[in-house]
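This report concerns only the one structure given below.
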Amino acid sequence: MLKCPHCQSENLDDAQFCANCGNRLTAADFTGIAPTADEAPPGTEQPEAVAAVESVGESRLAREGRMSMQQKGFFASLFDFSFSSMVTTKIIKILYTLAVIGMGLLTISWIAAAFAASETAGVIVLVLSPLIFILMVTIARMYLEAVIVLFKIAENTATIAENTKRTTPSG
């Protein structure tokens with residue numbers, strides 16, 4: 001797996017562009033080899049190299065537009081009636097934290113209720129509750145990961161559509 005030097009995301013070994021941020025992955029990023037003219041660091045490119053990179057990958061304008069959408073604040077995203085910015089990806093950590101805290105409180109109350117009913121039930125629930133807690137947290141985590149995957153698919157599809165519009169001749 002290759003790690004993107006821009007966003008630190010893991011990418012397939014043969015990837016030319018980062019699946020997360022669209023940054024071009026060059027051999028120099030991973031091998032220490034000096035970049036060629038079309039792989040020069042930002043700010044040092046020659047105009048023909050910039051044109052070559054932009055014809056193959058994501059343009060700077062599209063990347064900057066996507067980055068500005070991602071950098072919208074929470075409330076700006078919340079009241080974005082065009083739905084061009086997603087709120088869920090910004091609050092997923094909070095949702096997971098609340099889910100873990102809620103399940104912890106539920107487990108503690110379950111243990112207390114079992115002990116209130118009888119000592120035997122309390123001991124049985126005390127032994128089983130960590131397993132059930134781990135199971136509940138695992139299910140919540142898998143659900144939230146599935147939600148994030150759907151949002152990532154939507155973001156990547158929008159990026160692909162934008163790149164296709166830009167590179168398709170309007171004949």
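The values are calculated or read from the model by the stated rules, or taken from the named source; none is laboratory data. In this text the structure is predicted, and so the values were computed from the model without any measurement. Note that each Cβ is placed from the backbone with ideal geometry, even for glycine, and that neighbours are counted across all protein chains shown.
Scanning the range 121-150 for residues that are among the aliphatic types (A, V, I, L, M) and closer than 16 Å to LEU105 by Cα turns up VAL125, LEU126, LEU128, LEU131, ILE132, ILE134, LEU135, MET136, VAL137, ALA140. The sole residue among ALA154, ALA114, ALA158 that is assigned by TED's automatic domain parsing to the domain that holds LEU95 and modelled with pLDDT of 95 or more is ALA114. Is one or more of the residues making up the range 125-139 in a helix (DSSP H, G or I), loosely packed, with under 14 Cβ neighbours inside 10 Å, without any contact (Cβ under 8 Å) to a residue 60 or more places away in the chain and within 20 Å of the chain's Cα centre (by Cα)? So far as the range 125-139 goes, yes, one or more of its residues are in a helix (DSSP H, G or I), loosely packed, with under 14 Cβ neighbours inside 10 Å, without any contact (Cβ under 8 Å) to a residue 60 or more places away in the chain and within 20 Å of the chain's Cα centre (by Cα). Across the range 56-83, the qualifying residues are those that are small (Gly, Ala, Ser) and either exposed (fewer than 11 other Cβ atoms within 10 Å of the Cβ) or modelled with pLDDT of 75 or more (or both), and the one among them that is nearest to GLU162 (Cα to Cα) is SER68.
For the range 153-169, the set of residues classified as part of a helix (DSSP H, G or I), free of Cβ contacts under 8 Å to residues at least 40 places away in the same chain and not small (Gly, Ala, Ser) consists of ILE153, THR157, ILE160, THR164, LYS165, listed by residue number.
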